[in-house]
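Visitor: There's a structure below that I have some questions on.
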Amino acid sequence: MWMCIAVFLLWMRSGGCTEKANTSDLIEYTAADFYEKLHSGKMMFIYFEHQVSPTISLFLVELEKSADALQDYGVLVGKVSCNKELVHTYCTEERVHTAFLFRGGKEFLGFDLDTVFDVNSIVSEVLFAILREEVKYVHTDTDLLAMEKAVRGNKDIVLGYVRSLGTQEHRSMMETAYVYGSKYQFILITGGPVLKHLGVNEVSHSSRVWFLHCRVHSGFTTMMSSERCPLTRMRKPLSTLSLHSFLQLMEAPLVSEVYDDPSSVQLPQFPYQQTPQVFLFSRPDTKHLDLDTAVTLAWRLRGLALLVLVHRQSPAVKTPDEYNAAYRLPEKSSEVKYLTLQDLDEVLELFKNQDKEDEGVVEDEGEDSVFGFRLDDEIAMSVYENRDKLLDMDLITQLTSENFHSAVAQSSHTVVLFYLKWDAVSMSILSSFIEVAEILEDSDVQMSAVDCGEWTDLCAAQTGSSLPFQPITAFPSILLLRPQEPAQHYRGMLGREALHRFILLSQLASPVLLSTREEAISFLQEAPRPDLAVYKLDRVLGLFKTQTHAGVPVFTEAAQSLRGEVLTALLTDEQAEKWVAEHTVDLPAVLVFPSWRTHTHPSILSVSTSAEELLSHINTALLHPLPELTVENLPSFLALGKALLLLFVGEEEDEIGQRQNQALVEEIRGVLELGGGRMEPYLTCWIHLGRTPVGMSVLGSYLGSMPPLPALVLTHLPSGGEIYQYPPNTPIVASSVLQWLQRIEEGTESAAGMLGGESWPPPAEFYDFLKLMDTQELDSAQQQTPEEEEEEVDEEEVNIDEHVMLKEAPDSSSSSPTSDSNTNTHSEL
C-alpha cells in the first residue's frame, strides 16, 4: 500500500494532476497566527513582506505556486505583512531579501531570495534543508568511498549529480529522497574530483543518477568482494517519475529462471511492464557456466532489461537449438525475436542505441563495470576499454625458439618484452612498448617481444638452450640483450618515458672514460645526447690516480650495475689530480651528483673494497634526504623497508599558500636536523596532493576519511600495520613532532588506522573448471547408472572444453552465448 501512495505522491508532484487550477492566493498570516503556528512546532516557510518591488512580486508568485507542493511534505507556506503589523526580529530592513524556514518552534534556516527564485528552487532548497541529515554531500572519491563503507551491508545508495542547486533535477532528487529516504542513502554531488571517478566531464550540463548496490544481496555475494559497491547508471533524463521507475527497476531480480519457452513466459508485471526482456538458454550439461554467464550479462543490462534464463532440460522449451538468445520489447507485446549470438556485446547493442548519451559522459558507461562493478584496477580498466583496438606490431620483432639467437645477434642492443596475452598488465605495457619502438624506429635498437603463453620453452630458459637469461617467472618482464653479454633486467616503471630513458642510457658506455678537464665539465653539466636533454639525470664520477689502481675494477663493476639508471664516468692520471686540486678532494674518490642537487655540491665517497658495498653507498647518496613522493619514485622508497613519516600538503591557490606549504616542508626538514640519529629508522618525506592527486585516496584509505590538511602520518612500520596521525589542528613544529614520535615508540600513542592486508584478490572469482567438472560428475552419477556414467562424463568434459575454447576464440561457430561471459580482469597490481 505504501508503494502505491508513494507513486501517487510523486506523480502529483511531477505535474500529473493538471486539472487542478492554482487559484488560491498566497496565505497571509497575522502576527498572532504566525506565533501560534510557530509554537505548535509546525514547519513553516514564511516571507516577511515589507514593500513590494517588481522582484518581490515575482518571488511572491513563485512562493504561491510552491505552497501546494510543500504542503504535501508537511510545510506551511505563507507571508506576513510587516506593513500591517510588525514581527520583531523579522520585520527589519536587513531581512527584506530573506525568506525563513521554521522547524520545532524556532528559526531553522534563512534563504536569500537569490537562491529561492522560482517554484523548483523553493521546493528543492526547502526539502534539502529539511533532509540535511539524511541527504549527504560528497566532493571527492575518498568521501564517496567512506560513505560506501558506512552503509555497506545495510543500505543501497542513490547518488545524484546536478549541475547546480535549485533546478528541476535538484527538486526531483529531493522529492524522491523525502519518500525513499528511510530505504536508501541519498547522496548529492554538484562537482569535484568524484566526477572523474564516475566518468563524467564536469563541463557537462546533464544531470546523472547512479544506484550503488551496497547491500549484500543473496546470489551475488562474490560481486561484493571489491571494496567498492557495484553501480548502475540511470540512462533516462532525471525527473521525479524516471527516478522512481529506476529505483523500482533496481529492486527487480537480477536473473529469473524459467522452464517454459520464451513465447509462453509471462510479460513483466507492474512496475516492470515497460522493461524489455532478454532470454538466454541453458543446457543441462553446462548449467553452472550458463548461470554465471546470465549473471554477468544481467549486471551489464542492469537498468536496461530484465534477464531470464531458460532451461532447455524442460520439454516445454520448443525453441530450436540453433538459437541461444531471444528478446522481447514492451511495445511489441508478446512477440519474441530469436538470435544466434557469438558475443554478449551483441545483446548490449540491441538496447544501447535507445540510450544515446549527451556530451560529457563516457560512452556506454554500463560497460565500464565488468560484472556490474567498477574496475578498481586502472590498468585492467585501460585494457578493457581498448580491447577492440588492434595493436600495431610492425615495429616489434616477434621472437620464437627458432629465431631468438639469430635475431639477437643482428643488433648491438635488443630490448625484449616477455608477456602474456591474457594478462592485463602485460597488454597495457605492450602498448607503451610499441610507443617506445616508434620513437626509436630510426635507431640501432631492436625492439622485440616474446609471447610466453605460446613459447613456453623459450621463456622457461630450458637447460641446454644456451639462453643469456634465467627463466622468466614474472610477467611482464623486460630484458636488454647485447651479444656475448649477460642480460640486463629493466626494473624501473613500466611506462613509456621511464623505459625510453633506460634504453637511451643503456646505449652509453658505463663508465665513460674521460681524458680532459673539458670532458669532465661536459659530463657534469650537459646531456650526453640530445634526446636525453629532457630528463634529469643522476651522475657518478670516479677519480683515481692511475688506471691500474685497485679501486678502478671495483668502480667499473659498480658502474656497469648502474647502467641504464645513472650516468657514470672515470677520470684518471694527471687530469684526476688536477681535478681534486681544484675541488679539495683526496684521491681516490667517488663523487655522486644527484639530479636534485647542483653539480657544485657532490657527495664524496671513499672507494669501497667491493662493488656491492660501493653500489650501496652510491644509491644511498642518490636519495633525497626529504623526498617528495610521486607515483614514479614510491616503489624505490618503499623498497628501503623504512617506516614513512609522511606529510600531506594540499594544492596552493595563491602565493600565500605556496609559502605556507614551503614552511611546512622546512619544518619537517627541521625534524630531521633536530632528531639526528633518532630519525634513521624513518624515511621522512612529503606528498603534494596537487601534483599527485592519488595521494588523496591514499590518505583517505589510511584514516578512513579525508582529514583536514596539512596532515602528518607515520605508516609502514616494520613492527606492524599501525598508522598514526599527528594530532589534527595542532601546529606542525619540529620539537612537537619528535615528542609525538617518542610517544609512539613508547607505546603510549593510539593508532588512527591499520594498513590493509597484503592479499589483493581479483574483483570476481574465476571459473574453477576442475571443481565444476567434479560437481557435474557428481550430479550425473546421482541420475544415471554406472554403465552410463563414464560415457556421460566424457561428453561433459568435451562440452566444458568447448566453453574454454569459446573464451579464447570469439569467432567460433558455436552458438553458445558464453563466449565473453567470463572476461575477468586482474586487480592484483
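Visitor: How far, in nm, would the chain grow between S40 and E331 when pulled straight, counting 0.36 nm per residue and subtracting the alpha carbon separation? List each step's numbers first, then the result.
Guide: On the way: separation 291, 0.36 × 291 = 104.76 nm, distance 5.23 nm.
Result for the pair: 99.5 nm of gain on full extension.
Visitor: Find the Cα radius of gyration of the range 450-493, compare it with 2.2 N^0.38 Å by division, and give the number to two decimals.
Guide: Cα-based Rg divided by the globular estimate yields 1.15.
Visitor: Per residue of the range 254-264, in order, report the coupling 6.51 cos²θ - 1.76 cosθ + 1.60 (Karplus, θ = phi - 60°) as ³J(HN,Hα) in whole Hz, putting x for Gly and Pro.
Guide: 5, 9, 9, 10, 10, 10, 10, 5, x, 5, 9
Visitor: Once the other residues with Cβ under 12 Å from the Cβ of F433 are scored (Lys, Arg +1; Asp, Glu -1), what is the net sum? Show your work: numbers first, answer last.
Guide: Values: positive: R496; negative: D392, E435, E438.
Here the count lands on -2.
Visitor: A further question follows. Per residue of the range 729-746, what does 6.51 cos²θ - 1.76 cosθ + 1.60 with θ = phi - 60° give for ³J(HN,Hα)? Whole Hz please, x for Gly and Pro, Karplus curve as stated.
Guide: Each residue of the range 729-746 in turn: 6, 9, x, 7, 10, 3, 5, 5, 5, 5, 5, 4, 4, 5, 5, 5, 5, 7 Hz.
Visitor: Got a sec to turn the phi values of the range 100-110 into Karplus ³J(HN,Hα) couplings, 6.51 cos²θ - 1.76 cosθ + 1.60 with θ = phi - 60°, whole Hz, x for Gly and Pro?
Guide: Per residue, the Karplus-derived 3J(HN,Hα) values read 10, 9, 10, 8, x, x, 8, 5, 9, 6, x Hz.
Visitor: Tell me, what % of the accessible area of the range 576-620 is carbon and sulfur with a 1.4 angstrom probe? Kindly include the intermediate steps, with their values, before the conclusion.
Guide: Values: 1330 of 2500 Å².
Here carbon and sulfur together make up 53 percent of the probe-accessible area.
Visitor: Cα centroids of the range 546-566 and the range 251-269: how far apart, whole angstrom?
Guide: Measuring centre to centre over Cα atoms gives 74 Å.
Visitor: Please state, to two decimals, what the Cα-based radius of gyration of the range 481-542 comes to when divided by 2.2 N^0.38 Å (N = residues).
Guide: After normalising by residue count via 2.2 N^0.38 Å, the value is 1.26.
Visitor: Report in % the part of the accessible area of the range 389-537 that belongs to carbon and sulfur, leaving out ligands and nucleic acids; probe 1.4 Å.
Guide: The value for the range 389-537 is 51 percent carbon and sulfur by accessible area.
Visitor: Just to confirm a number: summing +1 for Lys and Arg and -1 for Asp and Glu over residues other than P262 whose beta-carbon lies under 11 angstrom from that of P262, what do you get? Write out the running numbers ahead of the final one.
Guide: Details: positive: K318, R328, K337; negative: D260, D261, E335.
Summing Lys/Arg as +1 and Asp/Glu as -1 gives 0.
The values are calculated or read from the model by the stated rules, or taken from the named source; none is laboratory data. Source: prediction; values computed, not measured. No Cβ is skipped: glycine too gets one built from the backbone with ideal geometry, and neighbour counts run over all protein chains shown. Heads up: the accessible areas ignore ligands, DNA and RNA and are worked out on the full protein's heavy atoms, side chains in. Shrake-Rupley method; radii C 1.70, N 1.55, O 1.52, S 1.80 Å.
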